[in-house]
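Before any comments, here is the structure.
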Amino acid sequence: MPVENTLEQLRSTSLQELEECTSKLELEEWRVKYLGRKGHVTGLLRKLKNLEPLEKKIFGSQANQLKGFLEERLVLAEGKLMAEETLAIGENDRIDVTRPGRLINVGGYHPLTKIRREIEEAFISMGFQVVEGPEIEWDHYNFELLNIPKNHPSRDIWDTLWVDYRNERGERNMLLRTHTSPMQARIMEQEEPPIRVIVPGKVYRYEATDRTHEWHFHQVEGLAVDKGITFADMKGTLYEFARKVFGSERKVRFRCDYFPFVEPGVDMSIDYLAPGATTHDWLEIMGAGMVHPKVLEGVGYDPEEYTGFAFGIGLERIAMLKYGIDDIRLFFDNDLRFLRQF
Ligand code: PHE
């Protein structure tokens, strides 16, 4: 067939097919069929090289014109299709701007997360760093390095959940940490003084649950070791913490208490007004004390050179106090009616 006719035919069939395209996909198929690398127009242009020079010149320019023309038409067809689609959206999904919107569920922080962050900020502002440690722990760190030897009655303070594991001597020596204090030993073992750290984390006890007891809860451990640290430094730091988290009006009280890894040991209470009550009461929120010389020795420090204080804050206690929550189990129930209050 003479090239002339071919050109004419190509123009009319391609245009007709373009008219019939009703989607982007079809337009793309059309483009490939006619203008693509293996398309008809491209094929034709390629064939021109076999023609006489004069013919080549004439038909060459015509074929190129056709190519340009079809490209323009494609752009137009694309534009038209888009306009139609936009119109259809307006018709089908008309937006009623007067309708009230749907409520969006906004996520929030768990009350324990909020309290933990507040406590962290209070101590960070006093120069402490925040570190974390393992929840599955060795007897060595949870007890022995903390001056709580095997079979010593002081172990009874912590009802322990043991991991079903025995070492090569057949001893059960792996447990779920009963407090965050093992991190005291881990940190001192790794670092040289001066040390100022807090360790927020989860702890576990083999305990029946009721309104004030859970078998898992959270603590924030604190440790400061340096030359010349005194009991007064500890009181000052903890008092400042109470002031920052509970306000300047709050009173604190220290009483003697026993923990094998501190000497002297204390517990700290804070005066608080229970929801609905008229008189203040004391609520114990942490154990604390001066790091026991045996603990310092155990991690290779010289107790003649260094002293320090440590404390362990019960997070749930503080959240209950601050938010007026009367049942510790609520923290772990994932009941949205409870969680939405914060
Ligand atoms: N680890 C102790 C407990 O869980 C609390 C504590 C920490 C006491 C640090 C003194 C110093 O009961």
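Coordinate-derived values only; no laboratory data. Quick caveat: nothing in here was measured; it's all calculated off a predicted structure. Positions of Cβ are backbone-derived with ideal geometry, glycine not excepted, and every protein chain shown enters the neighbour counts.
Below is a table of values for the structure above.
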| quantity | calculated |
| --- | --- |
| Modelled label reach - Val130, point 7 Å along Cα→Cβ, segment 202-245 residues with backbone N closer than 18 Å | 202-203, 218-224, 241-242, 244-245 |
| Dipole moment magnitude, nearest 20 debye, segment 3-92 about Cα centre, only Lys, Arg, Asp, Glu C-beta charged | 740 debye |
| Loop GluC sites (Glu not before Pro), segment 211-299, which have at most 13 other Cβ atoms in a 10 Å radius of their Cβ (DSSP) | Glu249 |
| Dipole axis of the chain (+1 Lys, Arg; -1 Asp, Glu on Cβ), positive-most option in Thr278, Ala83, Thr180 | Ala83 |
| Neighbour cut-off at most 15 other Cβ (10 Å), DSSP loop, trypsin sites (Lys or Arg not before Pro), segment 83-135 | Arg94, Arg102 |
| Magnitude of the charge dipole, segment 192-268, Cβ model with Lys/Arg +1 and Asp/Glu -1, debye to 20 | 320 debye |
| Amide H within-cut-off set for Gln129, under 5 Å, with H built and near neighbours excluded | Arg196, Val197, Ile198 |
| Estimated distance in nm for a label pair at Lys251 and Asn5, the labels positioned 7 Å out from Cα along Cα-to-Cβ | 11.3 nm |
| Distance (nanometres) between label positions extended 7 Å along Cα→Cβ at Lys114 and Gln341 | 1.1 nm |
| Of Lys294/Lys322; Lys47/Lys67; Lys56/Lys80; Lys24/Lys47; Lys114/Lys202, pairs whose Cα-Cα distance is over 26 Å | Lys294/Lys322; Lys56/Lys80; Lys24/Lys47 |
| Farthest positive-ward along the chain dipole, Cα basis, beta-carbon charges - from Gly312, Val97, Val245 | Val97 |
| Dipole of segment 55-144, positive direction: furthest Cα of Gly107, Leu70, Trp138, with charges on the beta-carbon | Leu70 |
| Residue exposure sequence - Asp93, Asp257 - by fewest surrounding Cβ within 10 Å | Asp93, Asp257 |
| Using distinct alpha-carbon pairs, which all enter the 1/r mean, Kirkwood radius of segment 3-92 in Å | 14.2 Å |
| Rounded to the nearest 20 debye, dipole of segment 112-339 from Cβ charges on Lys, Arg, Asp, Glu | 520 debye |
| Asp164 versus Leu45: modelled label distance in nm, points set 7 Å from Cα along the beta carbon direction | 7.5 nm |
| DSSP-defined antiparallel bridges as percent of all bridges, the chain, nearest 5 | 95 percent |
| Rounded FRET efficiency, nearest 0.05, which uses the C-beta distance separating Lys235 from Lys150 and R0 of 30 Å | 0.35 |
